[in-house]
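Student: One structure, as C-alpha cells, below. Some questions next.
The values are calculated or read from the model by the stated rules, or taken from the named source; none is laboratory data. Please read these numbers as outputs of a predicted model, since none were measured by experiment. Cβ placement follows ideal geometry from the backbone for every residue including glycine, while neighbour counts extend to all protein chains displayed. These area figures cover heavy atoms from the full protein model, side chains too; ligands, DNA and RNA do not enter into them. Shrake-Rupley method; radii C 1.70, N 1.55, O 1.52, S 1.80 Å.
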Amino acid sequence: MSLTNYLVLAAILFAIGATTVLLRRNAIIVFMGVELMLNSTNLLLVTFARYHGNLTGQVLAFFVMVVAAAEVVVGLAIIVSIFRTRRSASVDDVNLLKS
Amino acid sequence: MHTLMSLTTPAVVAAVDDVVAPVAWEGARLAVWLVVVPLVSAAVLLLLGRRADRWGHWLGVLASAASFVVALGVTVGLLGLPAAQRVQDVSLGTWVDAGALTVDAGLRVDPLAMTFVLLVTFVGTLIHVYSVAYMEHDAARRRFFAYLNLFVAAMLLLVLADSYLLLFVGWEGVGLASYLLIGFWNHNTPYAVAAKKAFVANRVGDVGLVLAMGLMFATFGSLDFGTVHAGVAQASEGTLTLIGLALLLAACGKSAQFPLQSWLGDAMAGPTPVSALIHAATMVTAGVYLIVRSGVIYAAAPTAQLVVAVVGAITLLFGAIVGCAKDDIKKALAASTMSQIGYMVLAAGLGPVGYAFAIFHLVTHGFFKAGMFLGAGSVMHGMDDQVDMRRFGGLGRYMKITYVTFMAGWLAILGVFPFAGFWSKDKIIEAAFVPVDGEPWRAWVFGGIALLGAGITAFYMSRLFFLTFEGQKRWSARRDGSAQHPHESPLLMTVPMIVLAVGSVGLGWLLSGAGFVEWLEPSVGHAEHHEPVLPVPVIVGATLGLVLVGVVLAWRMYAVGQVPVAPPRGTVATRAARKDLYQDVVNDAVLVEPGRYLTRSLVYGDKAVVDNTATGLGRATVGVGDAVRRVQNGYARSYAASMLIGLVALTVVVLAVRG
C-alpha cells in the first residue's frame, strides 16, 4: 500500500474527530472526538516510522497513548463531577467563564 | 558646630577690594557670636516649647542684649585700629564648593556692618524689653520672642556677611521672621493674608537678588564682595547696569520701594513692637544697605544709579502723599517709613556723595521711627487697641511720657534743629541739590522733590501728632462697652521709649560731631565735597520754612479745627491716597488678574489636553477590552473552533511562505 492511503486515512480520521468536537454537545462524545484526533496522529507517527525505517515514531506513539490515557482519567473525572452537580453533560452548559 | 570649631583656628583672612588691611585683627572673630547667640536663643525657645513660657521672654531679652555688648566690644576694637585697617574679613571656612562656584562662609566686619549691628542690637534690645510688657497678656509670648531673636540673628547675618550668597541667607531669614511676625495673630484671617502679601512681594524682590547673583557668577565667577568689587573695573557697563537694576529690584522688595511698596501698609497687622523693629528701624532698611554695599557696582553703572535715585524720589513722594490721608495711626507711620526710606534710597542713588548720609539718616530714622511706633503702641495699649486717629484726641494730658517721647520723634522727623533728623535728612536734601556728573537738571529735580517731601512730611506727621495728642477728645467706648480711660503704660514700655527719644533728640548732633561720615569712609569710600546749586543756608531756610508751613497747616486743621469722627468723603486726591494711590488696584489689574486668568487657562488646558489624554487612553482600553470580551463567550466548542481555524490558517501561511 502506498504512503498516500495512510495519510488520507489519518486526515479523514482527524477531520471526523475535529467535527465531532466542534459539533457535538455531549461531553463524552466530544471526548471521543479528541481521542479520535489523537489516534489519527498516532497512525501518522507509526506510518512515518515504518516509512523511514526507524523506531522513533513508534516510541512517540506509545508516549501519546500514555498521555491520552492520563488525560482520559482526568477528563472523565471532571465530566463525572460536572454531571453530578449539573445533571447534564452538555459542554454548552459549562459556560461560567462568560462574564 | 563648624563655626564654633573654626573659632579656635587663628587664620583670619584680610582681603579688601579698595582698602588694603595687611594686619588681621583677631577681635573681629568675636562677630560670629553676634549671630550665634540670638540664633541659639531662638532655637531654645522654640524647642523647649511651653516649658520655657515662664522665663522665655527674659532669655530673648538677654540674647539680644548680649549681642549688643559683643557689638559694642567689636566696635570699640575697630575704632582702635587705623582707618585703613577697619575692614576686616573673617573666614569661617569653605561653605559651597560646587565645581566652578566656590563660596567661603565669612563675615566682613567693617564700619558699615558695625553701624547696622549696633543699630539692630541696640534698638532691638529696647524693643525686646518693651515687648515683655506689651505682649504680657498674649499666651504665645515665648514664641513671639523666639521669632524676634530669629529676626535679630538673621538681620545680623545679613549685614555681616562677606558674600552676596551669605547675605542672601540673612535676607531670606529676615523675610521669614517678618512673615512669621506679621502673621503672629494669624487666627485673624486679614492678618494672615497681610503676612502672605508681604511674603510674596518680598519674593518678587528676591528674584532680583538671585538674578544679580547669577549675573555676578557669570561675570566674575565669584560671589564674595572682595572679588566682585575688585572685578568691576574689567566688566562691561551693560552687565553692571543689569546687575545694578537686579539689586535695585531686590532692594525695592525688601525696603517697600516703588513699585513693590504695597505690602508695608498691610504689614502693620503684626504686633506694634514688630512694626517698630522690623518694619521701621531695621529690616526695611536692608535694601538701602544692599545698595550702599554694592556702591562700587553702581559707581560703574551710572544708569542703574540714576534709576535708584528716581525710585527713591518717587517713593518719598508716594509715601508722603499716602501718609496724609491715612487715619490708622500705624498705617500713617508705615507710609512715613516708606517715604523716609525713599529719602535714603534717593541719597544712595546720588552716589558716594550720598552713601554716608543715607546710612546716617537710616540710623537716626531707626531711632525716631522706632520711638514713634513704640509710642503708637503705648497709645493703643492705653486706648483698648484703638488705631483710628479720629478716635483719639487730647491724649497728651493723659499719657505724659508717651506725649513727650513722641514729640521728640515728631520733631526729629520734621528735621527741626537740633533734633536728629536735622542732621541727617537735611543733609540728604543738600546732597540732592548737588549736581551729579555735571547735569544740573538732576540737582533741581531731586533737590526739589526732597524739599517738597520735607514739607509734606511735616504736614502728615503733624497731622498724626495733633490728631492723637491735641485737640478735642473723640474717644469711642471700649470694646466691652465701658468708657475709655487712657493711662500711661508701665515702666517696661516707657523706659525704651525714653531712651529712643533721647536718641531722637541728641543722636544726630552726637554722631555728626563724632565724625560719623569719616567713620564710614573705609566702607563706602571718600566723597569729595561738592557745592549744591543753591547756597546751603538757602536750602536749610527753605526746608525749615516748608516744614513750618506744614506744621501750621496741620495745627489749624487738626488741633484747632473740628475733626469729624467719621472720615469725610474728601477730594479725589484724598480718596486716592487713602487707597494707597490705587497701588493695590493696579497690582490687581496688572499682576493678580492676569495671573488668575493664566492659572484658570492652565487649569482648563490641563483638563482639556492632559486629563483628556489620560482618561481617553483609559476609555479606549476599556472599549477595546469590551469588544474583545465578546469573543470570550464561555463555550468550549467555540474556543476549539478558533483554535482549529487558527491552526489551519497558520499552516496555510507557513506552506504558502515556504511554497
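Student: B:Gly226 is checked against (1) closer than 30 Å to B:Val586 by Cα; (2) buried (at least 17 other Cβ atoms within 10 Å of the Cβ); (3) of a type outside the set (Lys, Arg) and fails just one. What number does that condition carry?
Tutor: Against the list (1) closer than 30 Å to B:Val586 by Cα; (2) buried (at least 17 other Cβ atoms within 10 Å of the Cβ); (3) of a type outside the set (Lys, Arg), B:Gly226 comes up short only on (1).
Student: Going through segment B:456-474 one residue at a time, which ones are in contact with a helix residue (DSSP H, G or I) (Cβ under 6 Å, 6 or more places away or on another chain) and either open to solvent by 10 Å² or more (accessible area, probe 1.4 Å) or of a type in the set (A, V, I, L, M, F, W, C) (or both)?
Tutor: Step one: filter segment B:456-474 for residues in contact with a helix residue (DSSP H, G or I) (Cβ under 6 Å, 6 or more places away or on another chain), giving B:456-471, B:474.
Across segment B:456-474, the qualifying residues are B:Ile456, B:Ala458, B:Phe459, B:Met461, B:Leu464, B:Phe465, B:Phe466, B:Leu467, B:Phe469, B:Glu470, B:Gly471, B:Arg474.
Student: Within segment A:15-33, can you find the residues that are open to solvent by 40 Å² or more (accessible area, probe 1.4 Å) and within 11 Å of chain B (Cβ to nearest Cβ)? Talk me through it step by step, then tell me what you get.
Tutor: As a first pass, look at segment A:15-33 and keep what is open to solvent by 40 Å² or more (accessible area, probe 1.4 Å): A:15-16, A:19, A:22-26, A:28-29, A:32.
The answer is A:Ala15, A:Thr19, A:Leu22, A:Leu23, A:Arg24, A:Arg25.
Student: Another one. For segment B:80-113, name all the residues that are open to solvent by 10 Å² or more (accessible area, probe 1.4 Å) and of a type in the set (A, V, I, L, M).
Tutor: Answer for segment B:80-113, where residues must be open to solvent by 10 Å² or more (accessible area, probe 1.4 Å) and of a type in the set (A, V, I, L, M): B:Leu81, B:Ala83, B:Ala84, B:Leu92, B:Val96, B:Ala98, B:Ala100, B:Leu101, B:Ala105.
Student: Let me ask another. Quick one: is B:Asp584 at positive phi and either free of Cβ contacts under 8 Å to residues at least 40 places away in the same chain or open to solvent by less than 70 Å² (accessible area, probe 1.4 Å) (or both)? So that I can check it myself, show each step before the final result.
Tutor: Working: at positive phi: no; either free of Cβ contacts under 8 Å to residues at least 40 places away in the same chain or open to solvent by less than 70 Å² (accessible area, probe 1.4 Å) (or both): yes.
Criteria not met by B:Asp584.
Student: Here's a check for you: in segment B:200-216, which residue that is open to solvent by 70 Å² or more (accessible area, probe 1.4 Å) and touching a Leu at 6+ places or on another chain (Cβ under 9 Å) is farthest from B:Pro259 (Cα to Cα)? Before you say what the answer is, go through the steps one by one.
Tutor: Pass one, segment B:200-216, residues open to solvent by 70 Å² or more (accessible area, probe 1.4 Å): B:200, B:207, B:210-211.
Still in the list and also touching a Leu at 6+ places or on another chain (Cβ under 9 Å): B:207, B:211.
Details: B:Val207: 15, B:Leu211: 18 Å.
So, considering only residues that are open to solvent by 70 Å² or more (accessible area, probe 1.4 Å) and touching a Leu at 6+ places or on another chain (Cβ under 9 Å), the one farthest from B:Pro259 (Cα to Cα) is B:Leu211.
Student: Restricting segment B:481-533 to residues that are among the charged types (D, E, K, R) and in a helix (DSSP H, G or I), which is surrounded by the most Cβ atoms within 10 Å (Cβ to Cβ)? Steps first, answer last, please.
Tutor: Applying the first criterion (among the charged types (D, E, K, R)) to segment B:481-533 yields B:488, B:518, B:521, B:528, B:531.
Checking which are in a helix (DSSP H, G or I) leaves us with B:518, B:521.
Working: B:Glu518: 12, B:Glu521: 18.
Going through the qualifying residues, I end up with B:Glu521.
Student: Tell me which residues, restricted to segment B:373-392, are assigned to a helix (DSSP H, G or I) and more than 18 Å from the chain's Cα centre (by Cα).
Tutor: Taking segment B:373-392 and keeping what is assigned to a helix (DSSP H, G or I), we get B:373-382, B:389-391.
Result: B:Leu374, B:Gly375, B:Ala376, B:Gly377, B:Ser378, B:Val379, B:Met380, B:His381, B:Gly382, B:Met389, B:Arg390, B:Arg391.
Student: For segment B:588-647, which residues satisfy the criterion of being out of contact with any helix residue (DSSP H, G or I) (no Cβ under 9 Å at 6 or more places or on another chain) and among the charged types (D, E, K, R)?
Tutor: Within segment B:588-647, B:Asp588, B:Glu593, B:Arg596, B:Arg600, B:Asp606, B:Lys607, B:Asp611, B:Arg619, B:Asp626, B:Arg629, B:Arg630 meet the criteria.
Student: May I ask you to say which residue of B:Arg556, B:Arg569 is basic (Lys, Arg) and assigned to a helix (DSSP H, G or I)? Let's see the steps before the verdict.
Tutor: On the way: B:Arg569 fails: assigned to a helix (DSSP H, G or I).
Answer to the selection: B:Arg556.
Student: Could I ask something else about it? Does segment B:271-300 hold any residues that are under 20 Å from B:Val152 (Cβ atoms) and either touching a His at 6+ places or on another chain (Cβ under 6 Å) or open to solvent by 10 Å² or more (accessible area, probe 1.4 Å) (or both), and which are they? Don't jump to the end; show me each part of the working.
Tutor: Applying the first criterion (under 20 Å from B:Val152 (Cβ atoms)) to segment B:271-300 yields B:271-290, B:293.
B:Arg293, the sole residue that qualifies.
Student: Give the number of residues within segment B:242-270 that are open to solvent by 10 Å² or more (accessible area, probe 1.4 Å) and not in a helix (DSSP H, G or I).
Tutor: Summing the residues that are open to solvent by 10 Å² or more (accessible area, probe 1.4 Å) and not in a helix (DSSP H, G or I) in segment B:242-270 gives 3.
Student: Tell me, please, whether a residue that is part of a helix (DSSP H, G or I), open to solvent by 50 Å² or more (accessible area, probe 1.4 Å), within 14 Å of another protein chain (Cβ to nearest Cβ) and touching a helix residue (DSSP H, G or I) at 6+ places or on another chain (Cβ under 9 Å) can be found in segment A:40-54. Walk me through it before giving the result.
Tutor: Looking only at segment A:40-54, we keep the residues that are part of a helix (DSSP H, G or I), and these are A:40-52.
Narrowing further to those that are open to solvent by 50 Å² or more (accessible area, probe 1.4 Å): A:41, A:44, A:46, A:48, A:50-52.
From what's left, within 14 Å of another protein chain (Cβ to nearest Cβ): A:41.
Still in the list and also touching a helix residue (DSSP H, G or I) at 6+ places or on another chain (Cβ under 9 Å): A:41.
The answer is yes; a qualifying residue exists.
Student: I'm checking my understanding of the structure. Among residues of segment A:80-99 that are open to solvent by 90 Å² or more (accessible area, probe 1.4 Å) and within 12 Å of chain B (Cβ to nearest Cβ), which one is modelled with the lowest pLDDT?
Tutor: Among residues in segment A:80-99 that are open to solvent by 90 Å² or more (accessible area, probe 1.4 Å) and within 12 Å of chain B (Cβ to nearest Cβ), the one modelled with the lowest pLDDT is A:Ser99.
Student: Taking the residues in segment B:139-153 that are assigned to a helix (DSSP H, G or I) and open to solvent by 10 Å² or more (accessible area, probe 1.4 Å) as candidates, determine which candidate is farthest from B:Thr94 (Cα to Cα). Can you show your working first?
Tutor: Within segment B:139-153, the subset assigned to a helix (DSSP H, G or I) is B:141-153.
Right, trim to open to solvent by 10 Å² or more (accessible area, probe 1.4 Å) and you get B:141-143, B:147, B:150.
Working: B:Arg141: 38, B:Arg142: 35, B:Arg143: 33, B:Tyr147: 29, B:Leu150: 24 Å.
The extreme case among them is B:Arg141.
Student: I would also like to ask the following. Mind telling me which of the residues B:Thr303, B:Thr315 ends up being among the polar types (S, T, N, Q), part of a helix (DSSP H, G or I) and open to solvent by 10 Å² or more (accessible area, probe 1.4 Å)? Reasoning before the result, please.
Tutor: Working: B:Thr315 fails: open to solvent by 10 Å² or more (accessible area, probe 1.4 Å).
The conditions single out B:Thr303.
Student: Looking at B:Lys326, B:Lys425, B:Lys369, B:Lys331, which is the one that is among the basic types (Lys, Arg) and either over 20 Å from B:Ala458 (Cα atoms) or in contact with a His (Cβ under 9 Å, 6 or more places away or on another chain) (or both)? Explain how you work it out, then say what you get.
Tutor: On the way: B:Lys326 fails: either over 20 Å from B:Ala458 (Cα atoms) or in contact with a His (Cβ under 9 Å, 6 or more places away or on another chain) (or both); B:Lys369 fails: either over 20 Å from B:Ala458 (Cα atoms) or in contact with a His (Cβ under 9 Å, 6 or more places away or on another chain) (or both); B:Lys331 fails: either over 20 Å from B:Ala458 (Cα atoms) or in contact with a His (Cβ under 9 Å, 6 or more places away or on another chain) (or both).
Result of the check over B:Lys326, B:Lys425, B:Lys369, B:Lys331: B:Lys425.
Student: Would you pick out the residues in segment B:534-545 that are part of a helix (DSSP H, G or I) and either without any contact (Cβ under 8 Å) to a residue 60 or more places away in the chain or under 30 Å from B:Gly80 (Cβ atoms) (or both)?
Tutor: Of the residues in segment B:534-545, the ones part of a helix (DSSP H, G or I) are B:536-545.
Selection gives B:Pro537, B:Val538, B:Gly541, B:Gly545.
Student: Oh, and also: Would you call A:Ala77 within 15 Å of the chain's Cα centre (by Cα), more than 14 Å from chain B (Cβ to nearest Cβ) and loosely packed, with under 14 Cβ neighbours inside 10 Å?
Tutor: Numbers: within 15 Å of the chain's Cα centre (by Cα): no; more than 14 Å from chain B (Cβ to nearest Cβ): yes; loosely packed, with under 14 Cβ neighbours inside 10 Å: yes.
So A:Ala77 fails the test.
Student: Can you go through B:Ala42, B:Ala100, B:Ala52, B:Ala105 and tell me which one is more than 30 Å from B:Ala514 (Cα to Cα) and either touching a strand residue (DSSP E or B) at 6+ places or on another chain (Cβ under 7 Å) or without any contact (Cβ under 8 Å) to a residue 40 or more places away in the chain (or both)?
Tutor: Values: B:Ala42 fails: either touching a strand residue (DSSP E or B) at 6+ places or on another chain (Cβ under 7 Å) or without any contact (Cβ under 8 Å) to a residue 40 or more places away in the chain (or both); B:Ala100 fails: either touching a strand residue (DSSP E or B) at 6+ places or on another chain (Cβ under 7 Å) or without any contact (Cβ under 8 Å) to a residue 40 or more places away in the chain (or both); B:Ala52 fails: either touching a strand residue (DSSP E or B) at 6+ places or on another chain (Cβ under 7 Å) or without any contact (Cβ under 8 Å) to a residue 40 or more places away in the chain (or both).
Of the residues listed, the single one that is more than 30 Å from B:Ala514 (Cα to Cα) and either touching a strand residue (DSSP E or B) at 6+ places or on another chain (Cβ under 7 Å) or without any contact (Cβ under 8 Å) to a residue 40 or more places away in the chain (or both) is B:Ala105.
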